[in-house]
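Shown next, in structure tokens, is the structure this report addresses.
All of the numbers you see were taken from the coordinates with simple rules; none came from a lab. Bear in mind the structure is a predicted one, so any value in this text is a computation, not a measurement. With ideal geometry, Cβ positions are generated from the backbone for all residues, glycine too; neighbour counts draw on all protein chains shown.
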Amino acid sequence: AHLQLQAVRFDKESRWLEIFSALLKKDGAVHAIQIIARDITERKQAEDALLQLSRKDEQALAIAQMGHWEFDIPSGLFTFNDQYYTLHGTTAREMGGYQMTAEEFARRLVYPEDAYTVGESIQRAVVSPDPGYQARFEGRIVRTDGEPRWVTVWFRVSKDAQGNTVKLYGVNQDITERKLVEQALRQAKVMVENSQAVLFRWKAA
């Protein structure tokens, strides 16, 4: 069985717990009940904050071309919002829902050459002992029509009472236009340098 409930500590502080229970059998008969409790207060607080996002905030994410995502470490599941799927040119309905396994995410939405960067960034976050760990990097995603897009990825961690990383909260922002401008500027610089080199050789001759 699996349930979530609020408990009160001896110091009167209220905490959220996630409870897992299982029947232990021997020779076909139940001889014990195993119960595991995990403090998920920080996760619940973060979830409540996300649920309280106003329509204005959602519109702000859309205007900034930013999509929100979460990664639950114990279950290995990603959760995306509608704007995240918009970045990929699709919808939750077309993708089969708002959740996706890490393996499916890497296969369907991450640019193959950048899969290692994404995996390495997540692994560093998981093993970091810093409760305030944050990270930012640039990489490519794949739209459902096959078009690659550049994004800036920012995320932070959430840890349990034992200091284990249990969740990542992040946003992706489309920066494709900026990357195209940077590429055009680099090409223009190379053309100018080449033309100057040709002119120098012509004068020298």
### Query
Given just the C-alpha atoms of region 72-148, how large is their convex hull per residue in cubic angstrom?
100
### Query
Points 7 angstrom from Cα along the Cβ direction at residue 116 and residue 8: gap in nanometres?
5.5
### Query
Which FRET efficiency, nearest 0.05, do residue 39 and residue 180 yield, Cβ-Cβ r, R0 35 Å?
0.15
### Task
Return the sequence-ordered ³J(HN,Hα) values of region 110-124 in whole Hz as given by the Karplus equation 6.51 cos²θ - 1.76 cosθ + 1.60 applied to θ = phi - 60°, using x for Gly and Pro.
9, 4, x, 5, 9, 4, 5, 4, 5, x, 5, 5, 5, 5, 4
### Task
Output ³J(HN,Hα) for region 159-170: one whole-Hz value per residue in order, computed from phi by the Karplus curve 6.51 cos²θ - 1.76 cosθ + 1.60 with θ = phi - 60°, and x for Gly and Pro.
10, 8, 5, 8, x, 8, 6, 10, 7, 10, 10, x
### Query
So between residue 134 and residue 30, what do we pick up on full extension, going 0.36 nm a residue minus the alpha carbon distance?
32.9 nm
